[in-house]
Amino acid sequence: MVQGLRRTQPRNRSVPPERRALLCSTGHQLPYLQSNALRSGSPSLIAPATHTFAVAAACRPLLPCTVQRIRLFVRYWLPVLVWMGVIFSASGDSNSAARSSRIIGPLVRWLLPDLSEEAVHAVVLFVRKCGHVAEYAVLALLLWRVVRRPVKPGSAPWRWAEAGLALAVAALYAASDELHQAFVPSRQGSVRDVLLDTSGAALALLCLWAVGRLRKRW
């Protein structure tokens, strides 16, 4: 009878070397050892399994983690940096009021030949200010996307703290852009433009919140 019990008692099977190497690279050795321990009735394998899992986590290659970071940078941060570069280049001498008027002014005169010079100048100024609003509206949306990136779309409610952080960064960049224009001979920094840029960023975030409410995403 003792021999019968010995025959029916399950044996403690060790993990094959190739299985151990595979599990060390994937980090899934803990469930494998725990399931073997439960089937064999030997709880002594469960405690060493936790240490093995820690070793397995340390054995993971660094390449996938590096690739994942690069993918996150390219997907979220690179558009922000590129758009900041576009705004910075637009604040140079090539896009000053005198140079942009050479393009917008003739176009306005061609479309509306009866307008006076004062009206044409007002239209040119209005178009330039709309450009300010549009630039920082896009920047605020890209920054909000970076702040919210760990959360899947529609899986979390709207957070005003995230929108406030994106707005603050956009306002700081607007201030730095106007400071840069103060050192350009054909440009001049303006506090009103900083407020206008910040208003464009805030308007974009409010529109985003309103669209999300209509679509019941938050």
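Inside segment 157-197, can you point out the residues that are assigned to a helix (DSSP H, G or I) and more than 20 Å from TRP83 (Cα to Cα)?
Once the filter is applied, which keeps residues that are assigned to a helix (DSSP H, G or I) and more than 20 Å from TRP83 (Cα to Cα), segment 157-197 yields TRP160, ALA161, VAL191, ARG192.
Give me the pairs: first residue in segment 124-144 and more than 19 Å from ARG75 (Cα to Cα), second residue among the basic types (Lys, Arg) and at pLDDT 90 or above, beta-carbon distance under 6 Å, and six or more apart or on different chains, which are they?
Here the result reads none, with nothing in segment 124-144 linked to a residue that is among the basic types (Lys, Arg) and at pLDDT 90 or above.
So, in segment 76-112, of the ones that are hydroxyl-bearing (Ser, Thr, Tyr) and in a helix (DSSP H, G or I), which residue ends up modelled with the highest pLDDT?
Of everything passing the filter in segment 76-112, TYR76 is modelled with the highest pLDDT.
What single numbered condition from (1) surrounded by 19 or more Cβ atoms within 10 Å (Cβ to Cβ); (2) farther than 17 Å from LEU81 by Cα; (3) not hydroxyl-bearing (Ser, Thr, Tyr) fails to hold for TRP144?
Just one mismatch for TRP144, condition (2).
Filter segment 152-199 down to the residues that are within 21 Å of VAL211 (Cβ to Cβ) and either basic (Lys, Arg) or at pLDDT below 90 (or both) and list them by number.
LYS152, PRO153, GLY154, SER155, ALA156, PRO157, TRP158, ARG159
The values are calculated or read from the model by the stated rules, or taken from the named source; none is laboratory data. Nothing here was measured: the structure is a model prediction, and the numbers come from that model. Don't worry about glycine lacking a Cβ; one is built from the backbone with ideal geometry, like all the others, and counts go over all protein chains shown.
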